[in-house]
Amino acid sequence: MPKFSVETYIGVKSDVVWDVLADYGNVSEWNSGIRLSELTSDGDVGVGSVRHCEMDKGMYINERVLEWDEGKSLVIEMTESSMPMKSFVAEFALRSDGLGTIVTMTPTYTPSYGIMGLVGDAMFGRRKFKGMMQSVLSDLKEYAEARKTEAQAA
């Protein structure tokens, strides 16, 4: 299963970043690749929580929280999707440096189409997918830093 990590520095404290990630059903508010999202499970958000996300061109993904370490890390897995992947798990890990937060996203996945999917991933898919994951972190950074700016203006 292919695996890689992407990382970004966000110029706000980790509790602000965590609050964005912990608003699990509303990922579409900050992730530009998702046009609509909703929490589809009941109860408090945490391990077992499920969300449905819709993207452009009729694409969708349903995801469940596998691990929840309050304020530190979140692991999600794909439970169903229209994307060409057999499996997808992503970890978001937060590290504070006192003034800001280093966020590392580590996806582990299995492309569809067997050996052909793995070859395609190695040849060009992983580079494209890595860019998409870096965009997710860029969106998170922009949104979290804007929340800090809004709070300071109030």
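In this structure, does Val47 turn out to be closer than 20 Å to Met105 by Cα and surrounded by 16 or more Cβ atoms within 10 Å (Cβ to Cβ)?
no
Out of region 4-59, which residues are assigned to a loop (DSSP other than H, G, I, E, B), modelled with pLDDT of 95 or more and aromatic (Phe, Trp, Tyr)?
If the condition is that a residue be assigned to a loop (DSSP other than H, G, I, E, B), modelled with pLDDT of 95 or more and aromatic (Phe, Trp, Tyr), then Trp30 is the only one that fits.
If a residue must be modelled with pLDDT of 95 or more and of a type in the set (Ser, Thr, Tyr), how many such residues does region 68-85 contain?
Going through region 68-85 one residue at a time, the tally reaches 2.
Of everything in region 23-44, what is surrounded by fewer than 17 Cβ atoms within 10 Å (Cβ to Cβ), closer than 17 Å to Leu66 by Cβ and among the small types (Gly, Ala, Ser)? Give them in sequence order.
We begin by selecting, within region 23-44, every residue surrounded by fewer than 17 Cβ atoms within 10 Å (Cβ to Cβ); these are 23, 26, 29, 32-33, 35-36, 38-44.
Narrowing the set further to residues that are closer than 17 Å to Leu66 by Cβ leaves 39-41, 43-44.
Matches in region 23-44: Ser41, Gly43.
Of all the residues that make up region 31-72, how many are among the acidic types (Asp, Glu) and farther than 18 Å from Val89 by Cα?
Counting residues in region 31-72 that are among the acidic types (Asp, Glu) and farther than 18 Å from Val89 by Cα gives 5.
Do any residues in region 94-107 that are small (Gly, Ala, Ser) have Cβ atoms under 6 Å from those of residues that are surrounded by 15 or more Cβ atoms within 10 Å (Cβ to Cβ) and assigned to a strand (DSSP E or B), where the two are at least six apart or on different chains, and which pairs are they?
Listed by first residue and then by second, the contacts come to Gly100/Ile10.
The values are calculated or read from the model by the stated rules, or taken from the named source; none is laboratory data. Since the model is a prediction, treat every value here as computed from it, not as a measurement. Ideal geometry is used to build each Cβ from the backbone, glycine not excepted, and the neighbour counts take in all protein chains shown.
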